[in-house]
Amino acid sequence: YLLENHWYQQWKAYVESGDQNSSSYPGRINNAELFEDLESYRLKDRLVEYEEYILVPKDVWDKLVSWYGLEHEQPPIGRKVVDLPSMPKVEVYLVDLYLCQHNDMDNPVMASFSRLDIIDNVLKEARRLFAVPPEEETRLWVKNADGSCERLRNLQMTVLDACLSSGQMVIMETRSKDGTWPSSRPHIMKNSMEEEELYQGQPGVCGLTNLGNTCFMNSALQCLSNVPSLTEYFLKNCYLEELNFTNPLGMKGEIAEAYADLIKQQWSGHHRSIVPRMFKTKVGHFASQFLGYQQHDSQELLSFLLDGLHEDLNRVKKKEYIELKDAAGRPDEEVAEEAWHNHKRRNDSIIVDIFHGLFKSTLVCPECGKVSVTFDPFCYLSVPLPVSKERVMEIFFIYMDPCKKPEQHRLIVPKAGKVLDLCRTLSEHTGVPAERMMVADVFSHRFYKIYQMEESLSCILDRDDIFIYEVSVSPQEDPATADAVVLPVYLRERTHSREYSDTYYGVMLFGHPLLVSVPRDQLSWDSLYHLLLHRLS
């Protein structure tokens, strides 16, 4: 406490005289000489210790006040001892800061703070001075000598560590209704701003505008935004208490803050869509692989983001070294419990609470048969997509009976099956035995390929036009001894060619080709002609 030197010297003389009725009785403690005026009670500038004042410890001050009393209305001048880099020192002069609001910087209010006060105290005082309702979110900036502004992000830092000095301006900014900070908005036209404020949609239903090829980022953000427990954590401002500014593995809390800003805008209900430019810039700043506006892997971004949020919000400020113990035949529950406990001693955040789990991995030594069981933490699992073992094939079936129209069938066949499996499946639909079918690929009115029964279905593509024909001869039979022959038949349009003689016909094919079974005794010109007329009838 500061004690005015004249009063102190008089008290000293009074006590040394040993006479209670001495004329040097000091009366009430009077520090009037130390104040500039008796209204604001501001200390005079440049007071010198041992000349104008002396410093006494709290116990001494309390005793003196109880014996002599304090001059009416005067406040006691209490000061803290500050640990400066060189030595402890009593902070006679406090740091006088000018506090103002972001939207009214012309009317600052002066407030005094100890160098040991944390920035959170400055924020609380600014909120009190400007009567900010408790539900509104605020943050602080300090104005530098060059006119630039810098965020005071770590609220647990002291005024001394934040290098704030008397006369500096500290600006308090309040988050808008639509979740944005006024300082981070581009200065858009006022009416479009008001439109946004007036728009009332369903919170959370908010698009993210593509910045080049950033759909990989936007889709990951939309997924994460719809994890209820994580989004509630940010909307209820729980993250403010847990920001970790000192974690060397983290990003000084910046990724967590950028993500919080995004979530608040998306869930304000005042936007149809938002442009995540600030967030994208922060991601590029900390993970250079995501710089620019190229396409990237969505899962890669998600894993960067979850790791970043975890380290920025890690409740463990000092990570201790932990030696891992062997399972040594103990029950799984016990080993898992121990592994999880060890993981939480170094990693404890909302991300761990929601996304982390344990993998059990077992190793058996091929030499001695020793089994080693460990439980390893994971944050995301790669799972294989289920692969269908079947495929759907569309084919056309042509009966031998000319009165029956060709039919189109959709057949489900094994992916690794053979052509015979296709015919057997078709046989169930048509009643025609698989042995009496021939399979062909038709391309531009011709047979592109005729398949053997043992060929794999994988060589037939989905875009191929597959025709299956009913024949009277099994393709398995020896053609030399079979009692019928299968002939391919093409249909050609008879057009006179102008360039050549009248005897030359054009080669314009039309329609679908046929596979016709012809008995061996009908291979004459006439028989063939009538047979074909019958088939095309």
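The values are calculated or read from the model by the stated rules, or taken from the named source; none is laboratory data. Just so we're clear, the structure is a prediction, and the values are computed from it rather than from any experiment. No Cβ is skipped: glycine too gets one built from the backbone with ideal geometry, and neighbour counts run over all protein chains shown. For accessibility, only protein heavy atoms count, side chains too; no ligands or nucleic acids. Shrake-Rupley method; radii C 1.70, N 1.55, O 1.52, S 1.80 Å.
All of Lys280, Lys318 fail the test of being closer than 20 Å to Thr214 by Cβ, at pLDDT below 95 and among the basic types (Lys, Arg), apart from Lys280. Look at the stretch 165-183: where a residue is part of a loop (DSSP other than H, G, I, E, B) and a partner is aromatic (Phe, Trp, Tyr) and open to solvent by 40 Å² or more (accessible area, probe 1.4 Å), sitting 6+ places away or on another chain with Cβ atoms under 9 Å, you get Ser166/Tyr93; Gly167/Tyr98; Gln168/Tyr98; Asp178/Tyr199; Gly179/Trp267.
Being open to solvent by 80 Å² or more (accessible area, probe 1.4 Å) and either small (Gly, Ala, Ser) or within 22 Å of Met393 (Cβ to Cβ) (or both): is that true of Tyr469 here? It is false that Tyr469 is open to solvent by 80 Å² or more (accessible area, probe 1.4 Å) and either small (Gly, Ala, Ser) or within 22 Å of Met393 (Cβ to Cβ) (or both). Going by what's in this entry, would Ser527 be described as among the small types (Gly, Ala, Ser) and in a strand (DSSP E or B)? So Ser527 does not fit the description; no.
Only one of the listed residues (Asp478, Asp401, Asp464) is in a loop (DSSP other than H, G, I, E, B), touching a strand residue (DSSP E or B) at 6+ places or on another chain (Cβ under 9 Å), exposed (fewer than 12 other Cβ atoms within 10 Å of the Cβ) and among the acidic types (Asp, Glu). That residue is Asp401. Taken together, the criteria place Asp465 among residues that are out of contact with any Gly (no Cβ under 8 Å at 6 or more places or on another chain) and at pLDDT 90 or above.
Residue pairs whose Cβ atoms lie under 9 Å apart, sitting 6 or more positions apart in sequence or on different chains, and linking a residue in the stretch 406-423 that is farther than 16 Å from Glu390 by Cβ to a partner that is among the polar types (S, T, N, Q) and part of a helix (DSSP H, G or I), are Glu407/Thr430.
Look at the stretch 277-329 and say how many of its residues are of a type outside the set (A, V, I, L, M, F, W, C) and touching a strand residue (DSSP E or B) at 6+ places or on another chain (Cβ under 9 Å).
So the answer is 2.
Cβ separations smaller than 6 Å between residues 6+ apart or across chains give the following pairs from the stretch 86-113 residues that are small (Gly, Ala, Ser) to residues that are outside any strand (DSSP E or B): Ala111/Glu125; Ser112/Leu94. State whether one or more residues within the stretch 433-447 are outside any loop (DSSP other than H, G, I, E, B) and polar (S, T, N, Q). No, because not a single residue in the stretch 433-447 is outside any loop (DSSP other than H, G, I, E, B) and polar (S, T, N, Q).
Scanning the stretch 91-100 for residues that are in a strand (DSSP E or B) and either at positive phi or open to solvent by 50 Å² or more (accessible area, probe 1.4 Å) (or both) yields one hit, Tyr98.
Residues of the stretch 225-261 that are open to solvent by less than 10 Å² (accessible area, probe 1.4 Å) and aliphatic (A, V, I, L, M): Leu230, Ile255, Ala256, Ala260.
Among the candidates Ile350, Ile322, the residue that is in contact (Cβ under 8 Å) with a residue 24 or more places away in the chain and either farther than 28 Å from Asn226 by Cβ or among the acidic types (Asp, Glu) (or both) is uniquely Ile322.
Pairs meeting the criteria (first residue in the stretch 229-255 and closer than 16 Å to Ile119 by Cβ, second residue open to solvent by 60 Å² or more (accessible area, probe 1.4 Å) and basic (Lys, Arg), beta carbons under 6 Å, at least 6 apart or on different chains) are Phe245/Lys252.
Screening Leu313, Leu291 for residues that are touching a Phe, Trp or Tyr at 6+ places or on another chain (Cβ under 8 Å), surrounded by 12 or more Cβ atoms within 10 Å (Cβ to Cβ) and either aliphatic (A, V, I, L, M) or at pLDDT 95 or above (or both) leaves exactly one candidate, Leu313. Of all residues in the stretch 404-416 being farther than 17 Å from Asp441 by Cα and surrounded by 12 or more Cβ atoms within 10 Å (Cβ to Cβ), which is nearest to the chain's Cα centre (by Cα)? Looking at the filtered set, the residue picked out is Lys415.
Of all residues in the stretch 40-89, how many are under 48 Å from the mean Cα position of the chain (by Cα) and open to solvent by 50 Å² or more (accessible area, probe 1.4 Å)? Qualifying residue count for the region: 10. Scanning the stretch 124-148 for residues that are open to solvent by less than 60 Å² (accessible area, probe 1.4 Å), under 28 Å from Lys317 (Cβ atoms) and either without any contact (Cβ under 8 Å) to a residue 40 or more places away in the chain or not acidic (Asp, Glu) (or both) yields a total of 8.
Note on the stretch 21-36: among residues that are open to solvent by 40 Å² or more (accessible area, probe 1.4 Å) and over 57 Å from the mean Cα position of the chain (by Cα), the one that is nearest to Ala111 (Cα to Cα) is Glu33. For the stretch 424-445, the set of residues classified as farther than 16 Å from Met400 by Cβ and touching a residue at least 12 places away in the same chain (Cβ under 8 Å) consists of Thr425, His429, Asp441, Val442, Phe443, Ser444, His445, listed by residue number. Under the condition of being under 30 Å from the mean Cα position of the chain (by Cα) and surrounded by 18 or more Cβ atoms within 10 Å (Cβ to Cβ), the residues counted in the stretch 155-173 number 3. Sub-7 Å Cβ pairs linking a first residue in the stretch 196-223 that is over 17 Å from Ile263 (Cβ atoms) to a second residue that is open to solvent by 70 Å² or more (accessible area, probe 1.4 Å) and in a helix (DSSP H, G or I), at least 6 apart or interchain, are Leu211/Arg277, ordered by first then second residue. Could we say that Asn237 is part of a loop (DSSP other than H, G, I, E, B), modelled with pLDDT under 95 and over 23 Å from Val316 (Cβ atoms) here? Answer is no for this residue.
Residue check: Thr374 meets all listed conditions (1) in contact with a strand residue (DSSP E or B) (Cβ under 8 Å, 6 or more places away or on another chain); (2) without any contact (Cβ under 8 Å) to a residue 40 or more places away in the chain; (3) of a type outside the set (A, V, I, L, M, F, W, C); (4) open to solvent by less than 80 Å² (accessible area, probe 1.4 Å) but one, namely (2).
Here is the figure for the stretch 448-461: residues that are open to solvent by 30 Å² or more (accessible area, probe 1.4 Å) and either closer than 24 Å to Tyr490 by Cβ or not in a strand (DSSP E or B) (or both) total 9.
When residues in the stretch 1-55 are screened for being assigned to a loop (DSSP other than H, G, I, E, B), within 14 Å of Tyr68 (Cα to Cα) and in contact with a strand residue (DSSP E or B) (Cβ under 9 Å, 6 or more places away or on another chain), 3 of them pass.
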